[in-house]
1. For segment 114-129, check the following and say yes or no: at least one residue is among the polar types (S, T, N, Q) and over 25 Å from the mean Cα position of the chain (by Cα).
2. Does at least one position in segment 74-81 carry a residue that is modelled with pLDDT of 90 or more and part of a loop (DSSP other than H, G, I, E, B)?
3. I need the full set of residues from segment 7-63 which are of a type in the set (S, T, Y), modelled with pLDDT of 85 or more, outside any loop (DSSP other than H, G, I, E, B) and under 18 Å from R128 (Cβ atoms), in order please.
4. Restricting to segment 103-127, give me the number of residues that are more than 20 Å from L90 (Cα to Cα) and either crowded, with 17+ Cβ neighbours inside 10 Å or in contact with a helix residue (DSSP H, G or I) (Cβ under 6 Å, 6 or more places away or on another chain) (or both).
Amino acid sequence: MKVLAFVAVACLLAAPVSAQDKSRQVWVTHADSGGTVTGRIVELSKDSLAMLTPENQRVDIPLDRVLRIEAKGDSLKNGALIGAAVFSVLSFTACANVPAGDCARMAPFQILLGAVIGTGIDAMNGGRSVIYSRAARAQAAGTTTGVQFKLRF
């Protein structure tokens, strides 16, 4: 499992480190403390991750202590789809009081408007994409378990 995670992260961050562009900024969340380190990955081995922080300090983190790695950037597709879905529901709800011909002409424009608004909101968000997330460990016998879910827009 570690090897697969290592290969995935290495492939996603394969650009030369000397470029130091903004698109390669990552946030690494520690499994123990929940704290986050921001910077750029300069070295990745099967056991550890080395980062260069904005203060030009090198930070070495063992991979078994990494809970999650997030990279700057988020696809705008989900914002467009959510906006289009919301406006399609609103459009077809409003069609109950409008003649069918008018509704058929207006609905595509309203759905397109929803997609544009959703894309704009998603672009302003400046979100992060999770590129690595450690799998949950098996619970010890006699302990309770819970349910966790994640909702992203």
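1. Step one: list which residues in segment 114-129 are among the polar types (S, T, N, Q), which gives 119, 125, 129.
So of that shortlist, the ones also over 25 Å from the mean Cα position of the chain (by Cα) come out as none.
No - not one qualifying residue is present in segment 114-129.
2. no
3. Correct list: T29, T36, T38.
4. Counting residues in segment 103-127 that are more than 20 Å from L90 (Cα to Cα) and either crowded, with 17+ Cβ neighbours inside 10 Å or in contact with a helix residue (DSSP H, G or I) (Cβ under 6 Å, 6 or more places away or on another chain) (or both) gives 1.
Per-residue answers, yes or no, for (1) under 25 Å from I121 (Cβ atoms); (2) free of Cβ contacts under 8 Å to residues at least 40 places away in the same chain; (3) out of contact with any helix residue (DSSP H, G or I) (no Cβ under 8 Å at 6 or more places or on another chain):
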| residue | (1), (2), (3) |
| --- | --- |
| T36 | yes, yes, yes |
| L44 | no, yes, no |
| T53 | no, yes, yes |
| Q57 | no, yes, yes |
| V66 | no, no, yes |
| A71 | yes, no, no |
| G79 | yes, no, no |
| I82 | yes, no, no |
| V86 | yes, yes, no |
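The values are calculated or read from the model by the stated rules, or taken from the named source; none is laboratory data. Values in this document were obtained by computation on a predicted structure and should not be read as measured data. In this analysis, Cβ positions are derived from the backbone assuming ideal geometry, glycine residues included, and neighbour counts consider all displayed protein chains.
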